[in-house]
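Asks: Quick one: structure below, then a few questions.
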Amino acid sequence: MLTFSPASSAITLAVIALFGTLPTALPAQDGESSPVPASKLPADAKWAAALSGPGVNVYVHSRELFLVPKAGSLQARKLSIPRLCAPIRSLRWLDDAQQNLSFAPEPDHWVFSWKKDVQADAMIKVELDEEPVVLAQCPATEPAGDGSIMLHAHDGKTFGEKLRYEPQWYKNTIGYWTIPTDYATWDLKVSEAGEYSVAVLQGCGAGHGGSEAMITLLDGETTVAKLSFETIDTGHFQNFRWNHLGNIRIEKPGDYQLRIGAVKIAKGALLDARAIHLVKQAK
C-alpha cells in the first residue's frame with residue numbers, strides 16, 4: 001500500500017488521483033508491451049496514468065518516479081512527462097548511473113534525452129523533493145502557523161513565451177525570464193489581515209541587475225496591492241539572495257493570487273525567482 005508523507009489533504013488527494021494499481025507485468029499502452037519486469041520496481045509502486053503517455057510508462061513510489069521508455073522513445077532517444085509541482089533531487093538511469101542522460105524543462109513538460117542506445121529494459125529513476133503533483137492539481141499555498149506565507153518556485157505557474165519552472169537541484173527556480181510580457185503567478189491563502197513585508201529570493205547574472213519588476217496581489221480580478229522593485233546583481237543567475245522589497249497591506253483574509261511581471265528588462269533576463277516570502281508585521 002502506498003503511503004504519503006504528511007501534507008495537506010489537497011496534495012494527498014491530488015497524488016492519489018494520479019495513480020492506478022501495479023500489475024505483475026507492466027501494462028501495455030498503445031499496443032506496446034514493456035519488457036521491464038515489475039520486480040525491478042518497489043513492491044508498492046503505482047502506475048501513474050496522468051504522467052504516462054505515448055512514449056513512456058511512469059510509476060510512482062512516494063517521491064520517486066520510474067520512467068520506462070516505450071519502443072518509440074528508445075528509438076528516438078527521448079521522452080517527456082508533464083511538468084510537476086516538485087523540485088528534482090536527482091535523476092539517473094536505474095541500472096547504469098554512468099550512461100548519458102540529459103534533462104530540459106519546457107514550460108508545460110519535461111524532456112529526458114540520451115545520446116547512445118540503451119537496453120530495451122532501461123529505466124530512469126527521478127527523485128523529487130515533493131510529492132509528484134501535476135500543475136493543474138497544485139493547491140494554493142497555505143500560511144504557516146505564524147501567518148507567514150512562503151511561495152516556492154515549484155508551485156508557481158508561468159505564462160508567456162519562454163518563462164518556465166526549472167526543477168533541477170542546482171536551479172529550482174522560475175527562469176528564462178527574457179520576454180518582458182511573460183509573467184508568473186502563485187495562488188495563496190491569507191489567514192490574517194494586516195501589513196506584510198515582501199521579499200524575493202532571487203538570482204541575477206553579473207551585469208544583469210537593475211531591471212524593474214512589479215509584484216501585484218489580486219483578489220479575483222481586483223488589484224489589492226502593488227509593489228515595484230529593482231532586481232539586484234548576485235553575480236550569477238543561480239546565486240540566490242533575499243531582496244527585501246517593502247510592505248503591502250492586505251485588508252481581509254481569503255484567497256489571493258500573487259503575480260510577478262517585468263516593467264523593464266535592463267539586460268538579457270529579468271531574474272531567477274526561487275521563492276517569495278510574505279511576513280505579517282507587528283502593529
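Asks: Between GLU142 and SER113, what length comes free when the chain is fully extended (0.36 nm per residue of separation minus the Cα-Cα distance, one decimal in nm)?
Replies: Here the answer is 6.9 nm.
Asks: Another question about this same structure. If you keep only loop residues by DSSP, which GluC sites (Glu not before Pro) in segment 215-283 have at most 13 other Cβ atoms within 10 Å of their Cβ? Numbers along the way, then the final one.
Replies: On the way: sites: GLU221, GLU230, GLU251; in loops: GLU221, GLU251.
Passing both the DSSP loop test and the Cβ count: GLU221, GLU251.
Asks: I need the peptides 171-177, 79-85 ranked by packing, meaning the mean over residues of other C-beta atoms within 10 angstrom, with the highest value on top.
Replies: Peptide ranking by packing, descending: 171-177, 79-85.
Asks: Now a separate question. Past the 27 angstrom mark, what percentage of all C-alpha to C-alpha distances in the chain do you count? Display every interim value, and only then the final one.
Replies: Details: 18061 of 39903 pairs.
Within the chain, distances greater than 27 Å cover 45 percent of Cα pairs.
Asks: If you average the sequence gap of Cα pairs under 8 Å that are 6 or more apart and divide by the length of the chain, what percent do you get for the contact order?
Replies: Value for the chain: 16 percent.
Asks: How high is the FRET efficiency between THR223 and SER90 when r is their beta carbon distance and R₀ equals 45 Å, given to the nearest 0.05?
Replies: 0.65
Asks: Still on this structure, please answer the following. Are there cysteines in the chain with no other Cys C-beta under 4.7 Å, and if so, which?
Replies: Cys with no partner Cβ under 4.7 Å: CYS204.
Asks: Helix 9-18: angle to the longest alpha-carbon principal axis of the chain, degrees 0 to 90, nearest 10?
Replies: 30 degrees
Asks: Then there's this: Could you tell me which of rounded, prolate or oblate describes segment 75-178, using a ≥ b ≥ c as the square roots of the eigenvalues of the alpha-carbon gyration tensor, with rounded for a/c under 1.5 and, failing that, prolate when a/b is larger than b/c and oblate otherwise?
Replies: Judged from the Cα gyration tensor, segment 75-178 comes out prolate (a/c at least 1.5, a/b above b/c).
Asks: If you take the square roots of the eigenvalues of the alpha-carbon gyration tensor of segment 54-108 and sort them as a ≥ b ≥ c, do you get rounded (a/c under 1.5), prolate (a/b over b/c) or oblate?
Replies: It is rounded, given that a/c, with a ≥ b ≥ c, falls under 1.5.
Asks: Which of these, GLN137, GLN75, GLN168, has the largest mean-square fluctuation under a Gaussian network model of the chain (Cα springs below 10 Å)?
Replies: Evaluated over the chain, the most mobile residue of the options is GLN75.
Asks: Of the cross-linked pairs LYS189/LYS283; LYS171/LYS226; LYS115/LYS157; LYS115/LYS267, which ones have a Cα-Cα span greater than 29 Å in the structure shown?
Replies: LYS115/LYS157; LYS115/LYS267
Asks: Now a separate question. What 222 nm value per residue comes from the helices of the chain, counting each DSSP H run with n ≥ 4 as -39,500 (n - 2.57) and dividing by all residues, nearest 500 deg cm²/dmol?
Replies: -1500 deg cm²/dmol
Asks: Still on this structure: Which of the three applies to segment 140-280, rounded, prolate or oblate, going by the alpha-carbon gyration tensor with a ≥ b ≥ c and a/c under 1.5 meaning rounded?
Replies: It comes out prolate by the Cα gyration axes.
Asks: How much length, in nm to one decimal, is gained on full extension between ALA206 and ALA71, taken as 0.36 nm per residue of separation minus their Cα-Cα distance?
Replies: Gain in length upon complete extension: 44.2 nm.
Asks: Identify which of ALA153, ALA50, ALA273 has the largest mean-square fluctuation in a Gaussian network model of the chain, with springs joining Cα atoms closer than 10 Å.
Replies: ALA50
Here, each number is a calculation from the coordinates, and none is a lab measurement. Predicted, not measured: the structure shown is a model, and the values here were computed from it. We place every Cβ from the backbone using ideal geometry, glycine too, and count neighbours over all the protein chains shown.
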